[in-house]
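I have placed the structure first, in the form of structure tokens, so that the comments after it can refer back to it.
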Amino acid sequence: MLEIVSFTLGPAQTNAYLVADPETKEAAVIDPAWDGHVILKAAQKRGWRIGHLWYTHAHFDHIGGAGAIADALNPLPLTALHPNDHVLWRAGGGGALFGFDIDPGPEPTIDFVHGMKMKLGSNEFEVRFTPGHTPGHCVLYVPAAKVCFCGDLIFAGSVGRTDLPGGDWDALVKSIREQIFTLPDETRLLSGHGPATTVGEEKMNNPFVGM
């Protein structure tokens, strides 16, 4: 069973997701956006142990809470990111462009690879490589829960921006068509910004990439 607690944090109103297997109490944070203490408190309240930080990509507003979470944990959480975004991570997620100097947290120790499986208790997350918004963007798909954590690839009625360094419009559209629109229509899409949506809804009505 997968439990999901969502937060909207920081200057860019970024969605962060605390996910856990309530039976084993194992937890991970997908995109620890900002205010790490808020995410930590929610985990502690439920008796969950955060052992992983998983980044869909390395923009500053998706990793800004990582330092505070890691500082409070012993041992350090295992951190996962696609290697194509390591340069962006080392540059503080590009925060300086927007006037933010963030602590990017612990160095990523797990390299996301397309098709790899991440385990959290009885839950299995499938990594799908989806470049376009950044060179190393990935989404995390949980077939059993019919949910996909899709970062800034696609939003309800919109798509990720490609005008920042490393952005690529053609790659973004290809990623959405091949890695999102091939999922079952009822799959919930939990994005990096804005409300949840579904694959079927976006295939029908997304003005940027609708089928």
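All of the numbers you see were taken from the coordinates with simple rules; none came from a lab. This structure is a prediction, so every number in the text was calculated from the model and none was measured. Here Cβ is always computed from backbone atoms with ideal geometry, including for glycine, and neighbour counts include all displayed protein chains.
With a cut-off of at most 13 other beta carbons within 10 Å, and DSSP calling the residue loop, which trypsin sites (Lys or Arg not before Pro) in region 161-211 qualify? Please list them.
Sites meeting the loop and neighbour criteria: ARG161.
Could you tell me which of GLY157, GLY167, THR24 has its Cα farthest along the dipole of the chain towards the positive end, charges placed at Cβ (Lys, Arg +1; Asp, Glu -1), taken about the Cα centre?
Positive-end residue among those listed: THR24.
How big is the gap, in Å, between the Cα center of region 34-94 and the Cα center of region 108-150?
That distance is 15 Å.
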